[in-house]
Amino acid sequence: DAMVIQNPRYQVTQFGKPVTLSCSQTLNHNVMYWYQQKSSQAPKLLFHYYDKDFNNEADTPDNFQSRRPNTSFCFLDIRSPGLGDAAMYLCATSREIVGSQPQHFGDGTRLSIL
Amino acid sequence: AQTVTQSQPEMSVQEAETVTLSCTYDTSESDYYLFWYKQPPSRQMILVIRQEAYKQQNATENRFSVNFQKAAKSFSLKISDSQLGDAAMYFCAYRSAANNDMRFGAGTRLTVKP
């Protein structure tokens, strides 16, 4: 039973063409995260939502934005993708923002830039 | 800022044997949480085991156990009776108890030989 669902699994877009990745969860968790993971590297946190409160990491590029219209859904918008933005994008959730609560990950969306 | 180091980019183990994956971290905090995540090829990242820093007893989950050495800032993962399905990328992660700062190591790719 998928609990964190990312669509699509693979996304191809053109250089500079806006793209949106989606994530939904059935866990009713308060926190949703977006990570960028490049090949053979550790996941890098881009931002997270605690409920409706948005928290951006200091080094997240300006062309990355996010929306969380309700508890279940969270979107990653890349306004003008560059070749360096090609990566796996992971969505994760956790019940609370602190503590030993683990994060639950989706399968990821692999983004390619032409 | 906290850093997590996994010094073994790749490891291999014979099926049914035991393997230990290393992880060290750097922090000035006394309260934090440590995790090992497993990411099989093209599949989602899942939690393997977690450890609260205030607990002296090492966490154990079936064939997976950790050796947590707080003074040495070391958090190794031992996999006993290795199975083919254990083949994956393993990430060590640190999470501050004070905030949502979660850091991943670069990962160790584990191969299990039949």
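Listing for the model above:
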| read-out | value |
| --- | --- |
| In nm, spacing of pseudo-spin labels at residue B:80 and residue B:29 (7 Å Cα→C-beta vector) | 3.1 |
| Charge sum, other residues only, whose C-beta stays under 15 Å from residue A:40's C-beta, Lys/Arg counted +1 and Asp/Glu -1 | +3 |
| Centroid-to-centroid separation of the range B:30-98 and the range A:80-114 [C-alpha atoms, Å] | 20 |
| Selection from A:42, A:111, A:74, by position along the positive dipole direction of chain A (Cβ) | A:111 |
| Inter-chain Cβ neighbour average for residues B:91-97, partner chain, 10 Å | 3 |
| Heavy-atom accessible area per residue - the range B:67-114, 1.4 Å, Å² | 39 |
| DSSP-loop chymotrypsin sites (Phe, Trp or Tyr not before Pro) across the range B:17-71, with at most 15 other Cβ within 10 angstrom | B:54 |
| Filter on A:44/B:38; A:38/B:73; B:38/B:73; B:38/B:70; B:55/B:113 - keep pairs with C-alpha separation over 24 Å | A:38/B:73; B:55/B:113 |
| Coarse-grained scattering of the protein assembly as shown at q = 0.09, 0.12 Å⁻¹, given as base-10 log I(q)/I(0) from a Debye sum over alpha-carbon atoms | -0.37, -0.66 |
| Chain A: radius of gyration over Cα atoms, expressed as a fraction of 2.2 N^0.38 Å | 1.00 |
| Principal axes of chain B: Cα extent on each, largest first, Å | 43, 28, 21 |
| Reachable lysines, given that their alpha-carbon falls under 16 Å from the alpha-carbon of residue A:17 and they are not under 8 places away in the same chain | none |
| Calculated FRET efficiency for the pair residue B:20/residue A:60, C-beta based, R₀ 25 Å, to 0.05 | 0.10 |
| Inter-chain Cβ neighbour average for residues A:100-107, partner chain, 10 Å | 6 |
| For chain B: relative contact order, % (alpha-carbon pairs under 8 angstrom, 6 or more apart) | 38 |
| Percentage relative contact order, chain A, counting C-alpha pairs under 8 Å, at least six apart | 38 |
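The values are calculated or read from the model by the stated rules, or taken from the named source; none is laboratory data. These numbers were taken from a predicted model, which means no experiment stands behind them. For neighbour counting, all protein chains shown are included, and Cβ atoms are generated from backbone atoms with ideal geometry for every residue, glycine included. Just the protein is used for accessible areas: all its heavy atoms, side chains included, with ligands, DNA and RNA removed. Shrake-Rupley method; radii C 1.70, N 1.55, O 1.52, S 1.80 Å.
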